[in-house]
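All of the numbers you see were taken from the coordinates with simple rules; none came from a lab. Remember, it's a predicted structure, so these values are computed and weren't measured experimentally. Ideal geometry is used to build each Cβ from the backbone, glycine not excepted, and the neighbour counts take in all protein chains shown.
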Amino acid sequence: MLIAGGAALFELDIKKIIALSTLRQLGVIFFSLGLGLPYMRFFHLVAHAYFKAILFIAAGAVIHRVKDYQDLRKMGRFQGVMPVLAGVIITRNLRLCGLPFIAGFYSKDAILERIMMNSSNIFVWVGAMLGTLLTVLYSCRFALGVLGGYSKREAFRGERDRSVLILLGMSVLVIPSIVGG
């Protein structure tokens with residue numbers, strides 16, 4: 001959990017950030033399994049699977065729209081040009097950070113609550129809280145890098161939410177990614 005979260009905090013490739021985020025969530029899943037919480041593990045797995053499916057589609061759409069750049073430093077300026085992708089990325093941030101009343105909150109909060117209530121080892125508790133803090137930090141960095149107003153690349157006219165198939169795929173997964181699980 002901690003190694004993947006720390007690596008995602010300093011990574012520049014958006015595909016690698018998403019992969020490290022997935023690895024970090026697998027750490028949460030194994031952490032909860034180690035605590036003897038198999039049902040919470042499965043709930044977190046299902047809730048996270050819906051969310052990651054829409055995120056991978058959105059990341060592919062973003063990469064495709066910016067001349068196949070994957071470097072976070074060469075992204076930006078998406079909030080007005082690609083409103084659907086910007087909305088998906090903001091939803092991703094809120095879901096991954098565990099905003100209340102979204103599926104990510106319920107799956108993560110239940111695991112963290114059990115860690116706090118049952119853990120007699122302070123290192124386990126600190127590790128879980130630090131892992132959660134790292135998730136918030138790299139999620140905000142990702143959203144600011146992709147949606148931010150500054151970019152180190154040239155702008156071009158092709159940057160629009162145009163592909164109906166991609167937008168349809170994301171729209172089908174929006175509701176399950178928010179309430180899925």
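Which residue fluctuates the most in the chain, going by a Gaussian network model with Cα springs under 10 Å, if the choices are PHE42, PHE123, PHE101?
Per the Cα network of the chain with a 10 Å cutoff, PHE123 tops the list.
Cα axis of helix 14-34 to longest principal axis of the chain: angle in degrees, 0 to 90, nearest 10?
20 degrees
Relative to the longest principal Cα axis of the chain, at what angle does helix 103-118 sit, 0 to 90 degrees, rounded to 10?
It is inclined by approximately 30 degrees.
I need two numbers for the chain: Rg to one decimal and Dmax as a whole number, Cα atoms only, in Å.
16.8, 57
What list do you get for ARG73, ARG24 if you sort them by fewest beta carbons within 10 Å?
Starting with the residue having the fewest Cβ neighbours, the order is ARG73, ARG24.
Treating the angle as unsigned and between 0 and 90°, give the value, to the nearest 10°, between the Cα long axis of helix 164-179 and the longest Cα principal axis of the chain.
The angle comes out at about 20 degrees.
For ASP13 and GLU113 in the same chain, what is the full-extension length gain: residue separation times 0.36 nm, less their Cα-Cα distance, in nm? Walk me through the numbers before you get to the answer.
On the way: separation 100, 0.36 × 100 = 36.00 nm, distance 3.27 nm.
Extra length available between ASP13 and GLU113 comes to 32.7 nm.
How big, on average over all directions, is the shadow cast by the Cα convex hull of segment 21-79, in nm²?
4.8 nm²
Could you tell me which of the pairs LYS15/LYS52; LYS15/LYS108; LYS52/LYS74 are separated by over 18 angstrom between their Cα atoms in the structure shown?
Numbers: LYS15/LYS52 12 Å; LYS15/LYS108 23 Å; LYS52/LYS74 23 Å.
Result: LYS15/LYS108; LYS52/LYS74 exceed 18 Å.
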